[in-house]
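Student: One structure, as structure tokens, below. Some questions next.
The values are calculated or read from the model by the stated rules, or taken from the named source; none is laboratory data. This is a predicted model, so every value here is computed, not measured. A quick note on method: Cβ atoms are made from the backbone with ideal geometry, for glycine too, and the neighbour counts reach across all protein chains shown. Surface areas here come from the heavy atoms of the whole protein model, side chains and all, with no ligands, DNA or RNA. Shrake-Rupley method; radii C 1.70, N 1.55, O 1.52, S 1.80 Å.
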Amino acid sequence: REDVTISKEHTVVYVEDPGPGTGPDPTPTGIVGTWKLAPESGAFGVGPNLDDVSWFSSSSEDLQVRDCLFDDEYVFNADGTFENILGDQTFVEAWQGADSDDCGTPVFPHDGSANAEATYSYNANDGTLTINGTGAYMGLAKVHNGGELANPSEAVESITYLAELSENDTRLELDIAFGDTGYWKFKFVKVVEEAPIV
């Protein structure tokens, strides 16, 4: 019996993943995109434990009282940069020098000044989101991992949140332990740009 050798040629083509926001369907996926606080009661709150907002939870009335906060945009660009888009007004508090907690002119450095250098890192496996850039933040400017700011000059360079995307990447929930005191929770919805009518 003779040995038989059969040879076949195979062509392997490597296709690079174009990433979000490119290719035939340019719809951003994951965290990339523009986000706002969810227009609902309980959009943000605080309490002694994770998922416990018994100390304070935003109400449906806050959608009007704090409308200048609910229209703030938090932008995650595909190149890893981050932006706080606040417009002419946002919700400012006494620790920022305001006479009372109310809508007012954004206060440095939590006024979008960090947009030129702010970046983000999202790890879906670990469920974490880190915002880098002094004055860059999600939800409320005062909240950071070490506590709550008492003065704008105390702004930190980096903040890490527990993060969970859901509903086909259109909802984002963030939790942050501020020191040993308790947890803040924030709920966001992705802004969906409507295609222009041609």
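Student: Write down the accessible area per residue of segment 66-194 in Å², having rolled a 1.4 Å probe over the full set of protein chains.
Tutor: 47 Å²
Student: How many nm separate the modelled label positions at residue 181 and residue 89, each set 7 Å beyond the Cα in the direction of the Cβ?
Tutor: 2.7 nm
Student: Let me ask you something else. Reachable aspartates and glutamates from residue 187, Cα under 12 Å, same-chain residues fewer than 8 places away excluded?
Tutor: 40, 51, 164, 173, 175
Student: Which shape class, rounded, prolate or oblate, goes with segment 31-174 when its Cα gyration tensor gives a ≥ b ≥ c as root eigenvalues, a/c under 1.5 marks rounded, and past that a/b bigger than b/c marks prolate? If you can, show how the numbers build up before the last one.
Tutor: Values: a/c = 1.38, a/b = 1.12, b/c = 1.23.
Verdict is rounded for segment 31-174.
Student: Follow-up. Which peptide among 153-166, 46-59 comes first, and what is the full order, when sorted by highest mean count of other Cβ atoms within 10 Å?
Tutor: Per-residue Cβ counts within 10 Å, averaged per peptide and sorted highest first, yield 153-166, 46-59.
Student: In nm, to one decimal, how far is the residue 51 label point from the residue 189 one, both placed 7 Å along Cα→Cβ?
Tutor: Calculated label separation equals 2.3 nm.
Student: For segment 136-198, which whole-number percentage of the solvent-accessible area (1.4 Å probe, protein heavy atoms only) is attributable to carbon and sulfur atoms?
Tutor: 47 percent
Student: Which of rounded, prolate, oblate describes segment 53-129, given a ≥ b ≥ c as roots of the alpha-carbon gyration tensor eigenvalues and a/c under 1.5 marking rounded, otherwise prolate only if a/b is larger than b/c?
Tutor: Note, shape of segment 53-129 comes out oblate.
Student: Right, another one. If I compute solvent accessible area with a 1.4 Å probe over the protein chains, what percent of it on segment 38-113 is carbon and sulfur? Working shown, then result.
Tutor: On the way: 1730 of 3720 Å².
Percent of accessible area from carbon and sulfur atoms in segment 38-113: 47.
Student: Let me make sure I get this right: for segment 35-78, a, b and c are the square roots of the gyration tensor eigenvalues over alpha carbons, sorted descending. Under 1.5 in a/c it's rounded, otherwise prolate if a/b > b/c, else oblate. Which is it?
Tutor: Since a/c reaches 1.5 but b/c is at least a/b, the shape of segment 35-78 is classed as oblate.
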